[in-house]
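Colleague: Before we start, here is the structure in question, set down as structure tokens.
The values are calculated or read from the model by the stated rules, or taken from the named source; none is laboratory data. Note that this is a predicted model, so its numbers are computed, not measured. Every residue, glycine among them, receives a Cβ derived from its backbone with ideal geometry; neighbour counts consider all protein chains shown.
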Amino acid sequence: MKKIAVYTSGGDAPGMNSCIRAIVRGAAHHGVEVYGIVRGYNGMINGDIIPLNSQSVSNIIQRGGTILKSARSKEFMTAEGRKKAYEQLKARGIEGLIGIGGNGTFTGAEIFYNEFKIPAVGAPGTIDNDLYGTDYTIGFDTAVNTALDAIDKIRDTADSHDRVFFIEVMGRDSGYIAIQCGIAGGAEAVMIPENLTPVSEIVNTLEKGFAKAKSSSIVVVAEGDEEGNAQKVAQKIKGMMKAEVDIRVTTLGHIQRGGMPTAYDRILASRLGLGALEGLLRGEKNVMAGVINNQLVYTPFHDTITKKKPVSEDLIRMVEILST
Ligand code: F6P
């Protein structure tokens, strides 16, 4: 394989640039020509494809976002869109692809391989950490630390004013961000889709805290929680509390997607980028590079797309024990 292309797709994640850098520098090391596709599958369809070399990725290892930009492409979901994308790659002699993203990215890459036989290897880039086949995804650690920083700050003001704060974090259908920053931030309760906690239980926890003279509390709510968003949960709980409580709601939102990647994310991204590249050059296809128990592994796209990565029961139990 002499010519490959890399793209970032779906929601951006801190560390994507570190991953692009590893792929480009790795390709130079192996004597492979590498192109960057701008705005994911949209750029593949429109021919927004640029040559990259070692210099193009200087000074990006520490930058948030993605120099290749990202998009969620509706057109690539159509057969005509994919045909156009294939023509663009064929015209440039591109023989293999590396997609950095999540489930949507890998679903697209698998369909594309089945139709046009262009092999692709994935690198897991999403703050949600919701991908089967890797212990951690690129961007997750940074997002948790960003959310944690905000939670620590909110704790200060919650304490000064004797308030209960409901803090909503991202994660789509996954509670990974919520559980980790809930534990690290010493939250009184965490609400995640994987462990359906009835609001009555949260009310009990908060009331037990007040009985012990606790005057402020933090409840971390995953955006995908079954009970609804933090605003709805807070309203329900306010109506159920025996005592009058001063409640506030904060939705952290896209701040969790930006910023300089942590050292952990830069190293993980570099390892997965190089791993994806070397896998592709060895003939791997339709797989995602991941790290499980500190070993580089390749998991079929089919499994990463269809299998659920559960939040550890151990972590869920820990919140319950340590919060009271
Ligand atoms: O998948 C990453 C993520 O940030 C999710 O946590 C969130 O649900 C979603 O993307 C937000 O998407 P958008 O940036 O399109 O609003």
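Colleague: Working carefully through the options Val144, Val121, find the one that is assigned to a helix (DSSP H, G or I) and touching a residue at least 40 places away in the same chain (Cβ under 8 Å).
Modeller: Checking each option against the conditions leaves just Val144.
Colleague: Enumerate the pairs (first residue in region 205-234 and at positive phi; second residue anywhere and surrounded by 18 or more Cβ atoms within 10 Å (Cβ to Cβ) and modelled with pLDDT of 95 or more) with beta-carbon separation below 9 Å, excluding pairs fewer than 6 apart on the same chain, so at least 6 apart or on different chains.
Modeller: Gly228/Val221
Colleague: Within region 227-242, can one find any residue that is of a type in the set (Gly, Ala, Ser), assigned to a loop (DSSP other than H, G, I, E, B) and within 16 Å of the ligand (Cβ to nearest atom)?
Modeller: yes
Colleague: Given (1) more than 22 Å from the chain's Cα centre (by Cα); (2) closer than 26 Å to Gly258 by Cβ; (3) surrounded by 15 or more Cβ atoms within 10 Å (Cβ to Cβ), where does Tyr86 come up short, assuming only one miss?
Modeller: Among (1) more than 22 Å from the chain's Cα centre (by Cα); (2) closer than 26 Å to Gly258 by Cβ; (3) surrounded by 15 or more Cβ atoms within 10 Å (Cβ to Cβ), Tyr86 violates only (2).
Colleague: Could you tell me which of the residues Ile218, Ile127, Ile151 is outside any helix (DSSP H, G or I), crowded, with 19+ Cβ neighbours inside 10 Å and away from the ligand (no atom under 16 Å from the Cβ)?
Modeller: Of the residues listed, the single one that is outside any helix (DSSP H, G or I), crowded, with 19+ Cβ neighbours inside 10 Å and away from the ligand (no atom under 16 Å from the Cβ) is Ile218.
Colleague: In addition: For region 4-18, state whether one or more residues are away from the ligand (no atom under 16 Å from the Cβ) and in a helix (DSSP H, G or I).
Modeller: Checked region 4-18: at least one residue is away from the ligand (no atom under 16 Å from the Cβ) and in a helix (DSSP H, G or I).
Colleague: Quick test for you: out of Asp141, Asp149, pick the one residue that is under 16 Å from the mean Cα position of the chain (by Cα) and either at pLDDT below 95 or on the phi < 0 side of the Ramachandran plot (or both).
Modeller: Asp141 is the lone residue from the list that is under 16 Å from the mean Cα position of the chain (by Cα) and either at pLDDT below 95 or on the phi < 0 side of the Ramachandran plot (or both).
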